[in-house]
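J.: Quick one: structure below, then a few questions.
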Number of protein chains: 2
Amino acid sequence: MFQSYEESLEILKKHTTEWNRVEKVVLTEALGRILATDIVAKENYPSHETSAMDGYACRFCDFDGVENAELKLLGDVPAGALKNVKLGKNECIKTFTGSLMCEDSDTLVPIENVLVKDGVVKITNPVKRGFAVRKVGESYKKDEVLITKGTKLSYSEIALLAELGEYHISVFIKPKIAVLSTGSEIKDLGEALEHEAQIRSSNHVAIASMAKLMGCEARILPIVKDEPNLVKEAIINGLQGCDILITTGGVSVGDYDFVKGALNQNCEVIINGAAIKPGRHIKVAKFNDKFIFALPGFPYSAMVMCVLYVRVLLDSFFGSKSHEINAVLSEDYKKKSPFLEFVACNIEVNQNGVVTANLKGKKDGSSAIVNNLNSEAALLIVPLELDGYKKGDVVKILKMV
Amino acid sequence: MFQSYEESLEILKKHTTEWNRVEKVVLTEALGRILATDIVAKENYPSHETSAMDGYACRFCDFDGVENAELKLLGDVPAGALKNVKLGKNECIKTFTGSLMCEDSDTLVPIENVLVKDGVVKITNPVKRGFAVRKVGESYKKDEVLITKGTKLSYSEIALLAELGEYHISVFIKPKIAVLSTGSEIKDLGEALEHEAQIRSSNHVAIASMAKLMGCEARILPIVKDEPNLVKEAIINGLQGCDILITTGGVSVGDYDFVKGALNQNCEVIINGAAIKPGRHIKVAKFNDKFIFALPGFPYSAMVMCVLYVRVLLDSFFGSKSHEINAVLSEDYKKKSPFLEFVACNIEVNQNGVVTANLKGKKDGSSAIVNNLNSEAALLIVPLELDGYKKGDVVKILKMV
């Protein structure tokens, strides 16, 4: 009898230690990296009042909403200029987007709202008090937590770090993942097939791509044939250069499934199968502080197992986040197994803003069908205790990478 | 009076020529690249019937659903082996996941469903005809279009290309984007601020990051001060090394906005403002076959303009796709301008599978607020003709990069 998926995850989490490996990268190399510290504002931003438009900085009390008030023009303050001007009664100064508001000014009248002649600014279209003035702390206040540890840095976080003057950023070192595909029937990239019993390996590039998308470094090891000593050696050697070894194939009940035996003999197997479809023969082992994920050989299974187990480990390293959303199922689904099922599906948002899940174009058949995960497919989760779902049911969807 | 956003896009599209620059990359470097050709199946896959499990290949007619039928075991077919076996009456052969089904076999009885003794296989738990046999073409049929031109290659498309034996892939050459930030008030990464009228540049790294996320190469040019000759020279020089030049700042109505003038004098300005908030001073120009996008200097505006204009151009290069979804608004929104507005918002999916949009944590104020786009923010689209929205309204949301 297989243990449940949830039970197997508990075991995985129990064996997980903290990933406290941090390195510094320059900001221009930080896109997509995972932040290893909270980022806190050291001061209010902006630290001084600045102008949000091109116009005339003035004292609201000098026109107080009345049309055609006239103010004496004292000159201008280009952006970046530091001028010690203090406005007196009925005075104004030309001020540009991003410029400091001068002392005692409280309002900016835009260029489009005035007539200027002979050094006099006539306000033809008054504005309200404080118009177009960026207040101190408008963007953020001192001590505000702006980006939290574990955030994957995208374009706007990069922009914010630049604005804050953070140039050398603490990010998590990428875990090194090595991918070892096994199978006497599989040929490598660029190799010719010799006869119809052979197929081309896809797992190694698939899993390496997923590892990269999940924030890891990935290395593809040479494919190894189904021979016990070769498999054992490849696993032992492969472990040297990585933090996480992912194997594919060789974990089922067949006479040529030698990954299983190699792990039993040389590592501590912590997960030995789970009541899930696909992937019930999944094995997870530890070798000192390293993890080995032994995934099935069928590529759909391997790719799904990679999110069901490897991603869970990475999330516990970097800070957990949910990959599940709810959706409304567009068709009936009848379960294929007595297990917890993960079924490739398409996710769309309809005209009413409802997330719908459908199986259009997803081919029925074995777990060998790679193309079922194309086009940003996600996974419909069908619990152990259900026979399936009816059209219109609210279902849980697990996002792939 | 500004033209509408839609009108400005029509002009942009009219000036767009085909992006027919294609290069070959090896499969292991193709993740995230954009496919430049359709990928079509050259043959059925699998091309021969193969086993989906470990078990015994046999003729269904020899047991026909009856328990305890006994079959003579002829040996085995490991995965990858080519054996010329033809089953006779009441014969079977051990066959492993991924192995060829032998001639005249039509059904696979899994290992778990039999007892084996003295070369005889007793079927204790019969299966239906065709069980666990991967049919010819189960994954795809000859001539099926599997991946279309314009697809961004993710992990599963990479896997499929490997399976197909496609090793050297035709992808679009990445457009080269150069980013030129202008402004006398902005200091570069790592430079100290000298006084409170200066701020740190964030636009250049933000726009370069967005360019990378949109599938381009990005280069950051030196920041240029608000001096007409410097700005003009920087634009002319910057154009040399790129396909698309993106400037920030210098396009408004102020006396120090010199990007505007430089474009008017040296390029063909095709878009001169649009009735949108933020970014109404957007300018788009052409210089021979190159594009210049002159974005506003405030970073929120610049980043939003980058998706509203630059992404539209890239979509027309690579094949258009929609970035809009519908959502239900969680709160009232009152418009701030007479224009088409794009407002930073959070997108969540609720328990019923409904996409909701809210403005929680989005700070009110000017378009200078970088952090409003953090945490995977999207944009609430508020049309020109509306004053705003009420809580519960179905609204259009534009996804950022």
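J.: For the stretch B:277-332 and the stretch A:262-289, write down the distance between their C-alpha centroids in whole Å.
T.: Cα centres, the stretch B:277-332 to the stretch A:262-289: 48 Å.
J.: Over the Cα atoms of the protein assembly as shown, what radius of gyration and what Dmax do you get, in Å?
T.: 31.4, 113
J.: Please build a GNM for chain B, connecting alpha carbons under 10 Å apart, and tell me which residue among B:K72, B:K335, B:K13 fluctuates the most.
T.: Residue with maximal mean-square fluctuation among B:K72, B:K335, B:K13: B:K72.
J.: Additional query: Could you tell me which of A:N371, A:V395, A:L340 has its Cα farthest along the dipole of the stretch A:324-398 towards the positive end, charges placed at Cβ (Lys, Arg +1; Asp, Glu -1), taken about the Cα centre?
T.: A:N371
J.: Karplus couplings for the stretch B:219-225 from phi (6.51 cos²θ - 1.76 cosθ + 1.60, θ = phi - 60°), rounded to Hz, Gly and Pro as x?
T.: Result, rounded to whole Hz: 10, 9, 8, x, 5, 10, 6.
J.: Roughly how big is the stretch A:176-329's charge dipole about its Cα centre, with Cβ charges of +1 (Lys, Arg) and -1 (Asp, Glu), in debye to the nearest 20?
T.: 460 debye
J.: Next question, about the same structure. Counting Lys and Arg as +1 and Asp and Glu as -1, each charge on the Cβ, what is the dipole of the stretch A:50-134 about the Cα centre in debye, to the nearest 20?
T.: The calculation lands at about 120 debye.
J.: Give the nm distances, rounded to one decimal, from A:K24 to the matching residue in every other copy, measuring between label points 7 Å along Cα toward the beta carbon; shortest first.
T.: Listed shortest first, these distances are 4.4 nm.
J.: At 7 angstrom along the Cα-to-beta-carbon line, where would the label on B:N264 sit relative to the other copies? Give the distances in nm, shortest first.
T.: 8.2
J.: Hey, which of these cross-link pairs are over 27 Å Cα-Cα: A:K86/A:K122; A:K42/B:K176; B:K14/B:K176; B:K13/B:K277?
T.: In this structure, A:K42/B:K176 lie more than 27 Å apart at Cα.
J.: Using the heavy atoms of the protein chains alone and a 1.4 angstrom probe, what is the accessible area of the protein assembly as shown per residue in square angstrom?
T.: 42 Å²
J.: Considering the dipole of the protein assembly as shown built from charges on the beta carbon (Lys and Arg +1, Asp and Glu -1) around the Cα centre, which of A:V382, A:G215, B:F318 is farthest to its positive end?
T.: Ranked along the dipole, the leading option is A:V382.
J.: Then there's this: Short version: which residues of the stretch B:350-366 lose at least 20 Å² of accessible area, all chains versus chain alone, 1.4 Å probe?
T.: Residues meeting the cut-off: B:Q351, B:N352, B:G353, B:V354, B:V355, B:K363, B:S366.
J.: Per the 1.4 Å probe, what fraction of the accessible area of chain A, in percent, lies on carbon and sulfur atoms?
T.: Ligands and nucleic acids excluded, carbon and sulfur give 48 percent.
J.: Follow-up question, since we're still on this one. When the Karplus curve 6.51 cos²θ - 1.76 cosθ + 1.60 is applied with θ = phi - 60°, which whole-Hz ³J(HN,Hα) does each residue of the stretch A:18-30 get, with x for Gly and Pro?
T.: Listing the rounded values in order: 5, 9, 10, 8, 10, 9, 9, 10, 6, 4, 6, 10, 9 Hz.
J.: Would you mind counting up the charge near B:D243? Only other residues with Cβ under 10 Å from its Cβ, with Lys and Arg at +1 and Asp and Glu at -1.
T.: That works out to +2.
J.: Of B:V116, B:T50, B:A132, which is farthest towards the positive pole of the stretch B:50-134's charge dipole, taken about the Cα centre with +1 and -1 on the beta-carbons of Lys, Arg and Asp, Glu respectively?
T.: Projecting each Cα onto the dipole axis, the largest value belongs to B:T50.
J.: Shifting gears a bit: A:K225 label points, 7 Å along Cα→Cβ, one per copy: pairwise distances from this copy to the rest in nm, shortest first?
T.: 7.2
J.: If you add up the charges near A:V121, with Lys and Arg at +1 and Asp and Glu at -1, over every other residue whose beta carbon is less than 12 angstrom from its beta carbon, what do you get?
T.: Net local charge, A:V121 excluded: -1.
J.: Still on this structure, I have one more. Given H placed 1.01 Å from N in the peptide plane, which residues other than close sequence neighbours of A:V77 have an amide H under 5 Å from its amide H?
T.: Excluding prolines and chain starts, which carry no amide H, the hits are A:K94, A:T95, A:F96.
J.: Restricting to chain B, compute how many DSSP beta bridges are antiparallel as a %, nearest 5.
T.: Bridges in chain B are about 70 percent antiparallel.
J.: Between A:L108, A:L295, A:L313, where does the largest GNM mean-square fluctuation fall for chain A, given springs only between Cα atoms within less than 10 Å?
T.: A:L108
J.: A drop of at least 30 square angstrom in accessible area, chain alone versus all protein chains together, probe 1.4 Å. Which residues of the stretch B:159-193 meet that?
T.: In the stretch B:159-193, residues shielded by partner chains: B:A159, B:L160, B:A162, B:E163, B:Y167, B:E185, B:L189.
J.: Convert each backbone phi in the stretch A:141-158 into a coupling constant with the Karplus relation 6.51 cos²θ - 1.76 cosθ + 1.60 (shift: θ = phi - 60°), then list the ³J(HN,Hα) values in order as whole Hz, x for Gly and Pro.
T.: Per residue, the Karplus-derived 3J(HN,Hα) values read 9, 3, 6, 5, 7, 9, 9, 9, 3, x, 6, 7, 6, 9, 3, 7, 5, 4 Hz.
J.: What does the helix-only formula give at 222 nm for chain A: each DSSP H stretch with n ≥ 4 adding -39500 (n - 2.57), the total divided by the residues, and the result rounded to the nearest 500 deg cm²/dmol?
T.: -5000 deg cm²/dmol
J.: Hey, another quick one. In debye, nearest 20: dipole of the protein assembly as shown around its Cα centre with unit charges on the Cβ of K, R (+) and D, E (-)?
T.: Dipole size: approximately 160 debye.
J.: In terms of modelled amide H atoms, which long-range or inter-chain residues lie less than 5 Å from the amide H of A:M214?
T.: none
The values are calculated or read from the model by the stated rules, or taken from the named source; none is laboratory data. Small disclaimer: the values here were computed from a predicted structure and weren't measured. Cβ coordinates were reconstructed from backbone atoms using ideal geometry, including for glycine residues, and neighbour counts include every protein chain displayed. To get the accessible areas, we keep the full protein, side chains included, count just its heavy atoms, and leave off ligands, DNA and RNA. Shrake-Rupley method; radii C 1.70, N 1.55, O 1.52, S 1.80 Å.
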